[in-house]
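Single-structure report; data block below.
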Amino acid sequence: MKSKRTFKPGQFAVTSLSRLIIWIVIIVSIIPMLYVVSASFNPGQSDFSASLIPPNASFANYIALFKTTDFGIWIRNSTEVALVVATAQMFMTAIGAYAFSRLRFYGRKYGLMALILLQMFPGVLSVSAIYAELAQLSLLDNLWVYILIQIGGSAFNIWLVKGYYDTIPRELDEAAIMDGAGHWRIFWKIILPLARPMLAVIFFLTLIGMYSEYLMANTILQSPQNFTLGMGMYSMVSGQFATHLWGEFAAAALISAVPLTVAFGFLNPLISKGLTAGSVKG
Amino acid sequence: MCGILQTQRAENKAAPPLWKAGRVFMAIGETAVNSGNTRVKRRKKGIQWSAYGYLAPALISISVLSLAPMLYTIWISFTNWDAMHFMNYSFIGLRNYAELLNPSDPLNAVFVPTFIWTIMFALLTTVINYFAGLLLAVLLNNKNIKEAPLYRSLLIIPWAVPGLISLLSWQGLLNQSYGQINAALHLVGISAIPWLVNPFWARVSILMVNLWASYPYMMTVCTGALQSVPDELYEAAEMDGANWWQRFRFISMPSVWKVSLPLLIPSFAYSFNNFNAVYLLTGGGPARNSTPFAGYTDILASAAYKMTLTYNRYDYAATLSVILFLLVGLISWLNMQFTGAFKEVD
């Protein structure tokens, strides 16, 4: 087996052709992103060339973004929404998952699956009901209403965290019961501290998700001072002044995409670990 | 199977564009199988009522924010609630559904072409993305390409960028007059393509951008499946004189199918209602002359959205939504039959 690998004649051709195709796909995939990066450094507002390196690169677009648009307000609104929603989501998930992992109650067996099935129906289908009702109650265009609408428990998160709780040995619970602890104490003193990494993942994933939420934000919010990041960026790229704002949009895209993408890159392995942990229980 | 799990991304309620509902099914199916194997018999004891206290926040919020709007949508679809009857709408039975299905009704003129495009879009995007992902996974599964992990991480980048930002960026890149894609095409002598303003090219754009954003996911899934095939099988087949196509067809493909089929159906269901993919790129446009309610690239979900927000036709929007509820339910049910997910989850 250790002998030096020699190419069969056909194999070399196949390998080279594979490399070629893969490189073409990589280049075609990456170039559009590089175009956005280059546009963000291109101070000229009218000429958009096909070259990747703008002739007189500068930070003009970044300065203009903060000076002439409400980018700061959008970021502030989105951050406010994301922090509140992620905190609430983490809290609901943590205690809900405890019930499914450690307690006996009616609906334990099928309840979680039923909820996950229910949430398979995408939110866009409920927009007419939510919008019509909020309009009737005059609750539109209110950042807190938007936050409340987003604070729904996620059955999937509960399932994920339940899987994690299931891996925490029950001997710990039993020892605590011996010492006279009730369920709330077991949850608070044993399970919660041990599940911190998983809960942090839930928190950050919700946070990232809320930064890129557009559907409900655009349904509920209207006035510019309530715009979220998604709404603001949409208005930059598809408004009638879009041509003039492309450079600023590119700057905004870069500022918001880079931290979210990097954060996701770090979190994705953690969530996979959580999924695997949840699925192998004994 | 572990490869698949490791590549799962979380479905997150707050982020439908980023995390795809389909993955949940797969993961759940996985758990169902595993927990079924190592199932421990538990003693039946009394009910712990405090459990409902722990569940209350999640249950209440899910009821109010997921269940209630769904039921309310069904109710609205039986009424004539629109801007004209905003405060005094009334129950009209199945009239909205009758209008939807009556070929001579204007609502039908929205529904039929939009419905056809919705199915076309969901089918095409699922199939194209799947085969692109499969092709790349197969190419990368070549033992002679030592740097395959590097390629994989480069290829996965489009998937990692938040969908909202990448879709909006594409909207700018594909702009007919100032977009850089046309500028690049100009370099190679292709004249400006009316990407987002011509009905045909707008549809091509949507499929193209969706491919860009989703092939990494399909590639990851197929890679996991391919790597789960033990090398001995290939070696044995080679001994028996099987050529590469036979090895691929009879050894790789069965295992790839087994893993990916349960993901293809949810992926189809997800595309069916992939509001962001359409709305953030084209806004549903270009507009049709025949009806203001839906443009050439509008799928049913985005048409319903525009009916609500732009035209205040809550009745029509709700009726379309109920049709979509039924379709999503049907597809999910089919998927459960295929994968056996949910059969035994304790």
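A short reminder: the numbers here are calculations on the coordinates, not readings from a lab. Values in this document were obtained by computation on a predicted structure and should not be read as measured data. Note that each Cβ is placed from the backbone with ideal geometry, even for glycine, and that neighbours are counted across all protein chains shown.
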Practice task
Could you work out the mean count of beta carbons from other protein chains within 10 Å of each residue's beta carbon in B:211-219?
Solution key: 1
Practice task
Rank-order B:107-113, B:316-322, B:235-241 by packing density, defined as the average count of other C-beta atoms within 10 Å over each peptide's residues, highest first.
Solution key: B:316-322, B:107-113, B:235-241
Problem - Shape parameters for the protein assembly as shown, alpha-carbon atoms, Rg then Dmax in Å - result: 25.6, 84
Problem - Length-normalised contact order of segment A:63-279 in % [C-alpha pairs under 8 Å, at least 6 apart] - result: 37 percent
Fill in the blank from the handout: Counting other chain Cβ atoms within 10 Å of each Cβ in B:183-192 and taking the mean gives 2
Handout entry: Kirkwood Rh (inverse of mean 1/r, distinct Cα pairs), segment B:220-346, angstrom
Key = 18.1 Å
Handout entry: Translational D in µm²/s for segment A:63-279 (Stokes-Einstein at 10 °C, 1.306 mPa s, Kirkwood Rh from C-alpha pairs)
Key = 82 µm²/s
Handout entry: When each of B:LYS143/B:LYS258; A:LYS162/B:LYS143; A:LYS109/B:LYS306; A:LYS162/B:LYS258 is checked by Cα-Cα distance, pairs over 29 Å
Key = A:LYS162/B:LYS143; A:LYS109/B:LYS306
Fill in the blank from the handout: segment B:73-176: Kirkwood hydrodynamic radius (Cα pairs, Å) comes out at 18.8 Å
Handout entry: Percentage of interatomic Cα-Cα distances in segment A:171-266 larger than 20 Å
Key = 59 percent
Problem - Using alpha carbons only: equivalent-ellipsoid semi-axes of segment B:132-255, gyration tensor based, whole Å - result: 38, 15, 13
